[in-house]
Amino acid sequence: MRTSAVGYGAALLATVVWSGNFIAARALFDSIPPWQFNFWRWAVAFMAIVPFALRTWRQDWPHIRRHWRYLSIMGILGVALMNTFIYKAAQTTSSLNMALLMPASPVVILLLARICYNESIPPRRLLGMLTVLGGALILISRGRWEQLTALHFNAGDLWTLGGMLCFAIYSLLMRRRPQAISPLGFNAATFGLGLLYALPCTLLEAWLLPLPSFSPSLAVGILYAGLGCSALAFWLWTVGIDRIGPVRAGILYYSLPLFAGAGSTLILHESIVPAQIVGGLLIVTGICTATMPLRHAPRATPKSQVHSAVQR
């Protein structure tokens, strides 16, 4: 139970931190191009996590060398591509479209787990996911369903779907993480490899586009994205998936619109409407329904087994 509590808490806290990434993306999309924003974000995260990862480097390094192909795939998905797609999407699509598409990741995780690992979908988990999805739709649309029917998808939405797919595959592949590599060593390796693979596109973008003019707000955004959304949140997500698995952690990711809405209210002073409260309650209810373990009643011992035990 303690292990599960740590897993749920870590995955939920990672989601809370990640919710601020959408605010940063909306605020800075016209200040710095996507590849450069993503690169400097992960450079900050890498520099922050390396001193801690050095403590277990001797034990981790032989296993990192052995599994460098797997770590490269995780670095490409989680570091080089995922958030670059999100920052690219912020240039051409609305925040409503992004918030609507990104919570679909747990559904993709669930389907991929079914296809790749033949993992069953219990009715209660399916009911919980549908409840959370309904709450997310109410929260995003603020109860005005005409906003959902009036959505127009464009190239930015395709970039968002690309980021969502990268996150889903990344989370699913986390179950293959070599247990011999510590969470800090795993993140340091994937951060470094992801930066290496992102470097050519970052340099090409810097050569083709004007260099960004750094400002205090841009520096704060990069630091938050690097220290919070990258170093802290990805370490928490790794711990969460280690404890409870990618499907249950993915269900908790559904609460991202709830925390994003709360952050917008606190930071941007946006008003809260009753539909947002209803949507938030549905999200919490659905997460509890899908993730809380069932209490099985003790099975009665068959009379034949009791008789056999008495004879022995």
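Each value in this text was obtained by applying a stated rule to the coordinates, not by laboratory testing. Only a predicted model underlies this, so the values are computations on that prediction, with no experimental measurement involved. Here the Cβ positions follow ideal geometry from the backbone for every residue, glycine too, while neighbour counts run over all protein chains shown.
Laid out as a table, the results:
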read-out: Options Ala10, Ala80, Ala45; residue that is within 13 Å of Asn187 (Cα to Cα) and touching a Phe, Trp or Tyr at 6+ places or on another chain (Cβ under 9 Å); value: Ala45
read-out: Matching residues in the range 33-60 - criterion: being more than 23 Å from the chain's Cα centre (by Cα) and touching a residue at least 24 places away in the same chain (Cβ under 8 Å); value: Arg55, Thr56, Trp57, Gln59, Asp60
read-out: Residue in the range 64-75 that is surrounded by the fewest Cβ atoms within 10 Å (Cβ to Cβ), counting only those that are more than 11 Å from Leu173 (Cβ to Cβ) and of a type outside the set (D, E, K, R); value: Trp68
read-out: Cβ-Cβ under 8 Å pairs, at least 6 apart or on other chains, the range 196-221 side over 20 Å from Leu77 (Cβ atoms) and touching a residue at least 12 places away in the same chain (Cβ under 8 Å), far side of a type in the set (A, V, I, L, M, F, W, C) and in a loop (DSSP other than H, G, I, E, B); value: Pro212/Ile32; Leu218/Ile32
read-out: Which listed residue is among the aliphatic types (A, V, I, L, M) and within 21 Å of the chain's Cα centre (by Cα), from Ala206, Ala219, Ala198; value: Ala198
read-out: Any chance Ala233 is within 26 Å of Ser4 (Cα to Cα) and of a type in the set (Gly, Ala, Ser); value: yes
read-out: Extreme residue, surrounded by the fewest Cβ atoms within 10 Å (Cβ to Cβ), among residues of the range 172-188 that are under 10 Å from Ile49 (Cβ atoms) and among the hydrophobic types (A, V, I, L, M, F, W, C); value: Leu184
